[in-house]
1. Select from Asn15, Asn52, Asn63 the residue whose mean-square fluctuation is largest in a Gaussian network model of the chain (Cα-Cα springs shorter than 10 Å).
2. Loop-only check: which GluC sites (Glu not before Pro) in segment 47-112 are DSSP coil with at most 16 other Cβ within 10 angstrom?
3. So what is the 222 nm mean residue ellipticity for the chain from helices alone, if each DSSP H run of at least 4 adds -39500 (n - 2.57) and you divide by all residues, rounding to the nearest 500 deg cm²/dmol?
4. Please work out which option in [x] 45; [y] 16; [z] 23 gives percent of Cα pairs over 24 Å apart calculated from these coordinates, and answer with its label.
Amino acid sequence: MDNRTYLALVIPANNAEAMRIEQVETDREALEALVGGPLESVIRGDWHVYLNAESVTTLLPVNFRAGQLLHECGLDLDGIRGTAVFLGRGEHGAEADLPEHLARLAEELFGAPLAA
């Protein structure tokens, strides 16, 4: 991971908090602060998502929206908890901006344009 910023889709577990597209720092400390703990990454094609690696053993709320988005992308992961941070994947697995198709899918699923 490098210390640049990239456009990411941030999906908080709390449904009262808006999902958003924002510039995020991609160093380990910044990403851990967003997900609320140690990082776990799930890779899918031209994107990946960072999750809290300890979410199973913590009392973080279930993130139904992130779980639904992952399901629509063909991944069935049980009990996604805490904030999920979706980023793109560049050459050789490097960080990249969120792919447009993933942002569009999230907007279609949840019925609202995402604030950038």
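1. Largest GNM mean-square fluctuation: Asn15.
2. Glu54
3. Dividing the helical sum by the residues of the chain leaves -7000 deg cm²/dmol.
4. Checking each listed value against the structure points to [y].
Each value in this text was obtained by applying a stated rule to the coordinates, not by laboratory testing. Just so it is clear, the model here is predicted, and its values are computed rather than measured. Ideal geometry is used to build each Cβ from the backbone, glycine not excepted, and the neighbour counts take in all protein chains shown.
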